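Reading through the structure tokens given below for one structure.
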Amino acid sequence: MNVKIINGYSLPNIPWEERPVISDPKKERVSLETPMWRYSKNPIIPRDLTLRSNSIFNSAVVPFKNEFAGVFRCDDTSRHMDINAGRSKDGINWVIDDEPIKFIKENPDIPDSDYKYDPRVIFIEDRYYLIWCNGYHGPCLGLGYTYDFEKFYQMENAMMPFNRNGALFPRKIGNNYAMYSRPSDSGHTPFGDIIYSESPDLIYWGKHRHVMAPSGGWQSTKIGAGPCPIETSEGWLVFYHGVLTSCNGFVYSFSAALMDLEKPWKVIARPRPYIINPREIYELAGDVPNVTFPVAALVDKETGRIAIYYGCADTVTGLVFGKIDEIVDWVLAHQT
Ligand code: BMA
């Protein structure tokens, strides 16, 4: 299908590698069954890229001034969770600040954060908004913005505890800003559905709508939005993680669904299989084994190339590539 990217960017310098050519016809069949492939030089960000980082994973990347900027989850060697800014010319080689972001509070009443993790970043109207899992009497959703990745401003928390996996839409839906989130509990939540909410001002949130619940197999325990939704001619393309509970704990895989453009709580198509699951050694072994966790997507609207940044085993960051029309065709062909 010829899928158009709406309101996207031209990114001639998007990180990219063609799908590997596999000469064994049996293995080639298996490889072609999946619409995305890993970067051959994964992981791209090692755990110790900054002075005191224990791990750098679940991190957000956006196009910035013909290059790239990002906000990275850097747990330090005391295992404190925080987010640090970074810059890159090619989206692959990164310079990440040693110190976490020091937010300027929009007003002095905004509470301090006990910790910050799993940021998503998206450009809306005139600035880059950040949404992250914020420690305030348990995990809730923190919100902030930057114009330049130098100064960062913290706004009121968008959602009360307990909530995680906030992903903002790049434009208003009707007259309101919009997000997906996942209500949770104070611990390693054994449940989780994706919920849609709207806000006229990014402070007061309401009009909550249920989007998707866990279903079978790899997505049987909980699901949560990954990167901010991507607007296409066929609907919002939403990468999301799904979790199953094995005898040894949680296993995090991811896939993509298509949602209605004006009513994004309505699911157009949701696939049964995952696209990526933990199978490489850096996904199977680390601080939390068996985790592939997508949080950012770069998309080139000219070629339809997509590069997804994902956390690997809560330790390092990897890249997977795909083409938007192949992914949409695959989602439509593999529905639950
Ligand atoms: C979730 C979050 C993610 C993490 C995942 C697997 O609850 O903490 O940051 O990647 O668990 O440990």
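The values are calculated or read from the model by the stated rules, or taken from the named source; none is laboratory data. If you're wondering where the values come from, they're calculated on a predicted model, not measured in any experiment. Cβ coordinates were reconstructed from backbone atoms using ideal geometry, including for glycine residues, and neighbour counts include every protein chain displayed.
The table that follows gives values for the structure above.
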read-out: Search result, residues across the stretch 166-176 that are within 18 Å of the chain's Cα centre (by Cα), more than 16 Å from the ligand (Cβ to nearest atom) and not in a loop (DSSP other than H, G, I, E, B); value: 168
read-out: The listed residue being among the charged types (D, E, K, R) and within 22 Å of residue 62 (Cβ to Cβ), out of 209, 270, 279, 305; value: 305
read-out: Checking residue 59 against (1) without any contact (Cβ under 8 Å) to a residue 60 or more places away in the chain; (2) touching a Ser or Thr at 6+ places or on another chain (Cβ under 7 Å); (3) buried (at least 17 other Cβ atoms within 10 Å of the Cβ), the condition it does not meet; value: (1)
read-out: Matching residues, the stretch 33-66, being part of a loop (DSSP other than H, G, I, E, B) and within 16 Å of the ligand (Cβ to nearest atom); value: 43, 47
read-out: Filtered residues of the stretch 188-205 (kept if over 18 Å from the mean Cα position of the chain (by Cα) and at positive phi); value: 202
read-out: Residues located in the stretch 301-336, provided they are within 16 Å of the ligand (Cβ to nearest atom), in a strand (DSSP E or B), more than 20 Å from residue 271 (Cα to Cα) and of a type outside the set (Phe, Trp, Tyr); value: 311, 312, 316, 317, 318
read-out: Qualifying residue in the stretch 234-246 (condition: at pLDDT 95 or above, surrounded by 13 or more Cβ atoms within 10 Å (Cβ to Cβ) and not in a strand (DSSP E or B)); value: yes
read-out: Residue within the stretch 14-31 that is closer than 16 Å to residue 317 by Cα and surrounded by 17 or more Cβ atoms within 10 Å (Cβ to Cβ) present; value: yes
read-out: Residues within the stretch 187-236 that are farther than 19 Å from residue 291 by Cα and in contact with an Asp or Glu (Cβ under 8 Å, 6 or more places away or on another chain), tallied; value: 10
read-out: The listed residue being buried (at least 22 other Cβ atoms within 10 Å of the Cβ) and either more than 25 Å from residue 297 (Cβ to Cβ) or among the polar types (S, T, N, Q) (or both), out of 84, 66; value: 84
read-out: When residues of the stretch 108-134 are limited to those that are under 18 Å from residue 160 (Cβ atoms) and more than 19 Å from the chain's Cα centre (by Cα), the one surrounded by the fewest Cβ atoms within 10 Å (Cβ to Cβ); value: 109
read-out: The listed residue being touching a strand residue (DSSP E or B) at 6+ places or on another chain (Cβ under 8 Å), assigned to a loop (DSSP other than H, G, I, E, B) and more than 16 Å from the ligand (Cβ to nearest atom), out of 298, 261; value: 261
read-out: Residue in the stretch 115-124 that is within 16 Å of the ligand (Cβ to nearest atom) and in contact with a His (Cβ under 7 Å, 6 or more places away or on another chain) present; value: yes
read-out: Top-ranked residue in the stretch 264-277 [being within 16 Å of the chain's Cα centre (by Cα) and without any contact (Cβ under 8 Å) to a residue 60 or more places away in the chain; ranked as nearest to the ligand (Cβ to nearest atom)]; value: 277
read-out: Matching residues, the stretch 177-202, being crowded, with 18+ Cβ neighbours inside 10 Å and away from the ligand (no atom under 16 Å from the Cβ); value: 177, 178, 179, 195, 196, 197, 198, 199, 202
read-out: Filter result for residue 254 (buried (at least 20 other Cβ atoms within 10 Å of the Cβ), touching a residue at least 60 places away in the same chain (Cβ under 8 Å) and under 26 Å from residue 71 (Cβ atoms)); value: no
read-out: Inter-residue pairs, beta-carbon under 8 Å, first within 13 Å of residue 57 (Cα to Cα) and in the stretch 115-126, second more than 16 Å from the ligand (Cβ to nearest atom) and in a strand (DSSP E or B), 6+ apart; value: 120/168
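Here is a yes/no grid of residues against (1) in contact with a helix residue (DSSP H, G or I) (Cβ under 8 Å, 6 or more places away or on another chain); (2) modelled with pLDDT under 95; (3) surrounded by 24 or more Cβ atoms within 10 Å (Cβ to Cβ):
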residue: 265; (1), (2), (3): no, no, no
residue: 272; (1), (2), (3): yes, no, no
residue: 278; (1), (2), (3): yes, no, no
residue: 309; (1), (2), (3): no, no, yes
